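Q: Before anything else, here's the structure in question.
The values are calculated or read from the model by the stated rules, or taken from the named source; none is laboratory data. Being a predicted model, the structure only gives us computed values, none of them experimental. Because the Cβ atoms are built from the backbone with ideal geometry, glycine has one as well, and the counts that use them run over all protein chains shown.
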Amino acid sequence: MAVSTQTSTSQGTRSYNEALRRTGEARVRALRAPLASNALLVALKLIVWTLTGSVSVLSEALHSGVDLVVTTLQLISVRLATRPADADHAYGHGKFENLGAALEALFILATAGVVVAEAIQHIRYPTSIAHLDLGLGVMLLSAGVNVFVYRTLAQTAIIEQSPALQAEAAQLRADVWTAVGVAGGLLAIRIIGKGATLIDPIISLMIAGLIVKAAYDVSIRAFVDLTDGRLPEQQESMIRDIIERHRDIFAGYHKLRTRRSGGGEFIDFHLQMKGDMPLQQAHALSDTIVVDIKQSLPRAHVLIHLEPDNEVRSHDE
C-alpha cells in the first residue's frame with residue numbers, strides 16, 4: 001500500500017512539474033511580444049513628443065515606458081512563479097506572479113499621477129503643438145500594434161489562467177483606447193485650429209482616468225488571489241460536477257475549499273467512503289476523482305481527506 005501511494009504521488013508530482021514547465025514557457029513567449037512592441041513605441045512616442053510638444057503624446061510615451069518596465073517585471077515574476085516546489089516553498093512559488101500583478105497596478109497608478117501633473121501644468125500654461133500629422137500617425141500606429149498584441153496575449157491569458165498575462169492584456173487594452181484618444185485630440189486640434197490647445201491636456205486627463213481604471217482591474221484579481229479568495233463560482237460548480245460523476249464510489253463529500261496561486265488552483269475536500277472499505281481501495285478510488293479534476297484543471301493541486309461514512313454530511317459542512 002505504501003509503495004502504491006508513493007508511486008502515485010511521485011507520478012503526480014512529475015506530471016505537475018511538467019505542466020508547470022510548459023505553462024512557464026508559454027507565458028514567457030506570450031510576454032516577449034508586448035516587451036518588443038513597448039520598446040519600439042516608447043522610442044517613437046518620445047521622438048514625436050520632442051517634435052510636437054504635445055502633453056498627451058508625452059503621457060502616452062510615459063504610459064508605454066511604464067508598460068516596458070512592468071512587462072520586464074512580469075517576465076521575472078513568471079519565471080519565479082513557475083519554479084517547482086522546494087523545501088522552503090512547499091506549495092510552490094505561484095504567488096510571485098500575483099505579487100507581480102499587484103506591483104504592476106502600483107506602477108500604473110504612478111503613471112496616472114505623472115500624466116495628471118503634466119496635464120494640469122499645460123492647462124495653466126498652454127503651449128502650441130507642432131507636426132500634428134506626425135503625432136496623429138504615430139498614435140494610430142500605436143493603437144494598431146497594441147490591438148494585434150492584445151488579441152494574441154488575451155487568448156493566451158485565458159488558456160493559461162495567468163494573473164501576469166491578464167494584467168498585461170488589461171494594460172494593452174487601455175493602451176489602445178488611450179492611443180485612440182490622443183489621436184482623436186490631435187485630429188480635433190488639426191480641424192479646429194492650433195489655437196484649441198486646451199484639448200490636448202484635457203485628453204491627457206481622460207487618459208489618466210483610463211489608466212486608473214486599468215490599475216483597478218489588475219489589482220482586484222491580484223489581491224483576491226493573494227488573500228486566498230475562492231475560485232469563481234463557475235469553476236467550483238465544475239469541480240462539484242466532476243466529483244458527483246463518481247457518486248457510485250463514495251457515500252458523500254463536504255468541506256470543499258478552493259483558492260488560486262499564480263496560474264494554479266488548490267482544491268481540497270473530505271470524501272466519505274464505506275466504513276468497511278480497505279484504505280488502499282479507498283485511496284485508489286479517490287485517485288480517479290483527482291485524475292478527472294486534473295483533466296479539466298491540469299495545474300491543480302488536489303488533496304482529498306478520506307473519512308468513513310459513519311455520518312454522511314452535507315457539502316457545505
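Q: Restricting the first residue to segment 180-194 and requiring it to be in the same structural domain as M139 (by TED's automatic domain parsing) and modelled with pLDDT under 80, which pairs with a second residue that is of a type outside the set (D, E, K, R) and surrounded by fewer than 15 Cβ atoms within 10 Å (Cβ to Cβ) meet a Cβ separation below 7 Å and a spacing of at least six or different chains?
A: K194/S128
Q: Applying the selection to segment 294-303, what residues are at pLDDT 90 or above and either surrounded by fewer than 19 Cβ atoms within 10 Å (Cβ to Cβ) or over 25 Å from S162 (Cα atoms) (or both)?
A: Of everything in segment 294-303, just one residue is at pLDDT 90 or above and either surrounded by fewer than 19 Cβ atoms within 10 Å (Cβ to Cβ) or over 25 Å from S162 (Cα atoms) (or both), namely L303.
Q: Output the residues belonging to segment 193-218 that are assigned to a helix (DSSP H, G or I) and within 15 Å of L136 (Cα to Cα).
A: Residues satisfying the conditions are I199, D200, I203, S204.
Q: Ok, one more. Using the structure shown, decide if A169 is assigned by TED's automatic domain parsing to the domain that holds G100 and within 17 Å of L35 (Cβ to Cβ).
A: So A169 passes the test.
Q: Find the residue count for segment 111-129, including only residues that are surrounded by fewer than 17 Cβ atoms within 10 Å (Cβ to Cβ) and closer than 17 Å to L198 by Cβ.
A: Count: 9.
Q: Out of all the residues in segment 178-200, which are crowded, with 16+ Cβ neighbours inside 10 Å and either under 10 Å from the mean Cα position of the chain (by Cα) or not small (G, A, S) (or both)?
A: Result: T178, V180, V182, L186, L187, I189, T197, I199, D200.
Q: Could you please let me know if S56 is among the polar types (S, T, N, Q), in a helix (DSSP H, G or I), in contact with a Ser or Thr (Cβ under 7 Å, 6 or more places away or on another chain) and in the same structural domain as H131 (by TED's automatic domain parsing)?
A: yes
Q: Cβ-Cβ under 8 Å, sequence separation 6+ or interchain: first residue in segment 140-159 and part of a helix (DSSP H, G or I), partner polar (S, T, N, Q) and surrounded by 15 or more Cβ atoms within 10 Å (Cβ to Cβ). Which pairs?
A: S142/S64; V145/S37; N146/S37; V149/S37; T156/S162; A157/Q166
Q: Which numbered condition in (1) within 30 Å of E118 (Cβ to Cβ); (2) surrounded by fewer than 18 Cβ atoms within 10 Å (Cβ to Cβ); (3) within 31 Å of the chain's Cα centre (by Cα) is the only one that V218 fails?
A: Of the numbered conditions (1) within 30 Å of E118 (Cβ to Cβ); (2) surrounded by fewer than 18 Cβ atoms within 10 Å (Cβ to Cβ); (3) within 31 Å of the chain's Cα centre (by Cα), the odd one out for V218 is (2).
Q: Could you run through segment 74-101 and say how many residues are surrounded by fewer than 24 Cβ atoms within 10 Å (Cβ to Cβ), touching a residue at least 12 places away in the same chain (Cβ under 8 Å), of a type in the set (A, V, I, L, M, F, W, C) and over 16 Å from L35 (Cα atoms)?
A: 3
Q: Return the residues of segment 160-176 that are under 18 Å from L99 (Cβ atoms), in a helix (DSSP H, G or I) and not hydrophobic (A, V, I, L, M, F, W, C); say none if nothing qualifies.
A: Selection gives E160, P163, Q166, E168, Q171.
Q: What are the pairs with Cβ atoms under 8 angstrom where one residue, in segment 272-293, is in the same structural domain as I304 (by TED's automatic domain parsing) and the other, located anywhere, is part of a helix (DSSP H, G or I) and loosely packed, with under 13 Cβ neighbours inside 10 Å? Sequence gap at least six, or different chains.
A: From segment 272-293, the pairs are Q280/S4; H283/S4; A284/S4.
Q: Next up: In segment 94-117, what count of residues is obtained for those that are touching a Phe, Trp or Tyr at 6+ places or on another chain (Cβ under 7 Å) and of a type in the set (V, I, T)? Give the steps one after another, and end with the answer.
A: Here is the first cut: in segment 94-117, the ones touching a Phe, Trp or Tyr at 6+ places or on another chain (Cβ under 7 Å) are 102.
Restricting the remaining residues to those that are of a type in the set (V, I, T) gives none.
Result for segment 94-117: 0.
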